[in-house]
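Please read the structure below before turning to the comments.
The values are calculated or read from the model by the stated rules, or taken from the named source; none is laboratory data. Keep in mind that this is a model prediction, so the values were computed, not measured. Cβ sites come from the backbone with ideal geometry, for glycine too, and all protein chains shown count toward neighbours. Please note that ligands, DNA and RNA were not included when accessible areas were found on the heavy atoms of the full protein model with its side chains. Shrake-Rupley method; radii C 1.70, N 1.55, O 1.52, S 1.80 Å.
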Amino acid sequence: MTTESPSPIKARHPAADAIAMFFKNIPAVVALIVLTAIILAGIFGPIFYAADPYDMVWAPFSPPGEEGFIFGTDYLGRDLFAGILHGARVSLLVGLSAAAMTVFIGVTIGALAGFFQGWVEEVLMRITEFFQVLPTLLFSMVIVALFGASLPVITLAIGLVSWPAVARITRAEFLSIRQLEYVTASRASGMKPFGLMFSIILPNAAPPIIVQTALMVGSAILFEAGLSFLGLTDPNVVSWGQIIGSNRPYILDAGYTVTLPGVAIFITVLCLSLIGDGLNDALNPKLRQR
Amino acid sequence: MNTPLLSVENLKVRFPVKRGLPWKAAQYVHAVDDVSFDIQRGETLGLVGESGSGKTTTALAVAKLINSWEGVVKLNGTDFFSLDKESLRLERANIQFIFQDPYSSLNPRLTAERIVSEPLRQLKNLSKKELAESVDDIFDAVGLRPEQKKLFPHQFSGGQRQRIGIARAIISKPQLVICDEPVSALDVAVQAQILNLLRDLQKRFNLTYLFISHDLGVVQHMCDRIAVMYMGKIVEFSNRMELFNSPQHPYTQALLSAVPSVDRKRRERVQRIVLSGDPPDPLNPVPGCHFAARCPSVDESIGCLKKFPPLDTVSESHQVACYRFKR
């Protein structure tokens, strides 16, 4: 029988351990703080620093710090700091919504393929492979060129080229979890297929998907920057990549106009990678002792 | 004799194995090959055999947790297999399963309470209060404390986890509980507790068990009747006393001779039968007796290598599938 003394044990959700583990990882926590600051700057910055990034406010190419413009001005005399603040909003928004879309498509397809198997899996995985072998940059450029350079189209283009990775991870997790006994037990308890998929298997398959998502936000931001650099962007909204792209010809005369938005991208993506790494260590404790 | 609670007729389970080119015909592993048995209300039927003999597959197929190739399973006289999806789902309340591994059989993300109450949530329409009462009762019945309801599986020991598994299996008041090696993953001290718990629950809730094990000691302790399986076939079927006192099939004899004993007299009396050879390849079943390749008394002249022997009656409650017995 229950032999140990009846001292009340507190219920500890398995996720609580993961969160505790994450907060022990100092680089990941620092990255989380920095990223939070960047997100807050993206959301509230334009309200407090109400300068229009398209206004010509001063002489072109005035270096950082001059005349109160802390990041200086670009080749048209526009305030670079305002550009980076406004750009943060756009870059993060594109990154997050592209990642959300990636996860939505990838998880749906991967879950269906891994759960139902048979011909469903065959068909869905062939489709996934089709998208996976497309040259990503070229394919997204074609989409943007066809449907016009607006933020929703760019988000869609990034989402469409990056979901196969998530679909494959989800399928692999579903394949291994669906044959565990607790899934059979739930089936014996009379649970219906969609209940099994979404309330039993998916929560247990979540850790690697969450890690992949964090990394996906970073790569979506990079992707958006790449497309904007090539000029495939909405000309009416500022993004970091677009600032770099438009100032590109003056890189030798005024390096800071390219470097500063580049640094912003670098820091954001680095933070996302560190957070993704931290999540990976926290959520997959078995891999931790490397 | 009244209708048995469960009757299994000619159950076959085959798994396709695809090798080579996709248009080549699939080969099949004959995991369960023409198995029939009955279980009476309130009794415990044991299913013993070595690893890979098809015990667990039989159990999963009986509960329709995997698809069978052929065969009929009747619960209370009604065909369990031919039910439509929704009726089958609801009927699952009557056939419940206790799993072998208490670690992988509990969802790590749900509380004990939630795991135990799952069958009721899915299969019965109960109010919150009734649900809570049922959970309290069943926690008490399996020897778990009420304050453990909110804990997660990783906070329990192996024995306690198996208690949660048992609670989940009996909360819907099933008629048949399939115990798939419920104690083989536990250490010996805990095994005894769990076996006694299962027996207590059987009396208290009038349960019928299909009890799977490879441990003959456990089977002797738990079961009224025993079916011995070898390579997907039932080779001997008997009540407990007769099986342990006068086993007829050479495989059963070998199995029983391998049971260690502390009784010196018994040790001297029973000669250890050591089997040589390997079980046959399940992909290409041999035409004759599946055991022929390892059988110490195989005899070609009586047909051991031609056809699998039918179950012969030894006594009213004892059947054996061996040609040697007839002579």
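Evaluate the charge dipole of region A:25-284 about its Cα centre and quote only its size in Debye, nearest 20, assuming +1 on the Cβ of each Lys and Arg and -1 on the Cβ of each Asp and Glu.
840 debye
Compute the separation of the alpha-carbon centres of region B:270-327 and region A:182-242 and state it in Å as a whole number.
Cα centroid of region B:270-327 versus Cα centroid of region A:182-242: 57 Å apart.
With 26 Å as the limit, write out which pairs from B:Lys64/B:Lys306; B:Lys124/B:Lys149; B:Lys64/B:Lys307 have Cα-Cα distances beyond it, or answer none.
Distance filter (> 26 Å) returns B:Lys64/B:Lys306; B:Lys64/B:Lys307.
Accessible area per residue, 1.4 Å probe, Å², for chain B: what's the number?
Counting only protein heavy atoms, the per-residue value for chain B is 47 Å².
Taking all protein chains as present, what is the carbon and sulfur share of the accessible area of region A:185-290, in % to the nearest whole number, probe 1.4 Å?
68 percent
Could you state how much accessible area is buried at the B-A interface, both sides summed, with a 1.4 Å probe, in Å² to the nearest 100?
Counting both chains, the buried surface is close to 2800 Å².
Sum up the charges of everything whose Cβ sits under 14 Å from the Cβ of B:Leu45, counting Lys and Arg as +1 and Asp and Glu as -1, but leave B:Leu45 out.
Summing Lys and Arg as +1 and Asp and Glu as -1 gives -1.
Pull up all non-local amide H partners of B:Tyr28: gap of 5 or more, or a different chain, and H-to-H distance under 5 Å with H placed in the peptide plane.
HN-HN under 5 Å from B:Tyr28: B:Val17.
Leaving out same-chain residues fewer than 8 places away, which aspartates and glutamates sit with a Cα under 14 Å from that of B:Lys128?
Those aspartates and glutamates meeting the cut-off are B:Glu113, B:Glu118, B:Asp136.
First check a/c for chain A, with a ≥ b ≥ c the square roots of the eigenvalues of its C-alpha gyration tensor; if it is under 1.5, answer rounded, and if not, answer prolate when a/b is larger than b/c or oblate otherwise.
Judged from the Cα gyration tensor, chain A comes out oblate (a/c at least 1.5, b/c at or above a/b).
Helix-only estimate, please: 222 nm mean residue ellipticity of the protein assembly as shown, summing -39500 (n - 2.57) across DSSP H runs of length 4 or more and dividing by its residues, to the nearest 500.
Theoretical 222 nm ellipticity from helices: -16000 deg cm²/dmol.
Can you give the mean number of other chain Cβ atoms that lie within 10 Å of the Cβ atoms in peptide B:107-115?
Shielding by partners across B:107-115 averages 5.
Helix A:151-177 versus the longest principal axis of chain A: what angle, 0 to 90°, nearest 10, using Cα atoms?
That helix lies at roughly 20 degrees to the long axis.
Roughly speaking, to the nearest percent, how much of region A:12-120's 1.4 Å accessible area is carbon and sulfur?
Ligands and nucleic acids excluded, carbon and sulfur give 77 percent.
Skip the ligands, DNA and RNA, and give the accessible area per residue of chain A with a 1.4 Å probe, whole Å².
49 Å²
Using packing as a proxy for protection, rank B:131-138, A:238-245, A:93-100 so that the peptide with the highest average count of other Cβ atoms within 10 Å comes first.
Averaged packing, sorted descending, gives the order A:238-245, A:93-100, B:131-138.
Output wanted: per-residue J couplings in Hz (rounded whole) for region A:34-45, from phi through Karplus 6.51 cos²θ - 1.76 cosθ + 1.60, θ = phi - 60°, x for Gly and Pro.
Those phi angles translate into 4, 5, 4, 4, 5, 5, 4, 4, x, 7, 9, x Hz.
For region A:17-67 and region B:52-68, compute the distance between their C-alpha centroids and round to whole Å.
59 Å
Is the shape of region B:245-327 rounded, prolate or oblate, going by the alpha carbon gyration tensor and its root eigenvalues a ≥ b ≥ c, with a/c under 1.5 for rounded and a/b larger than b/c for prolate?
oblate
So what's the gap between the Cα centers of region B:201-230 and region B:125-143, to the nearest angstrom?
27 Å
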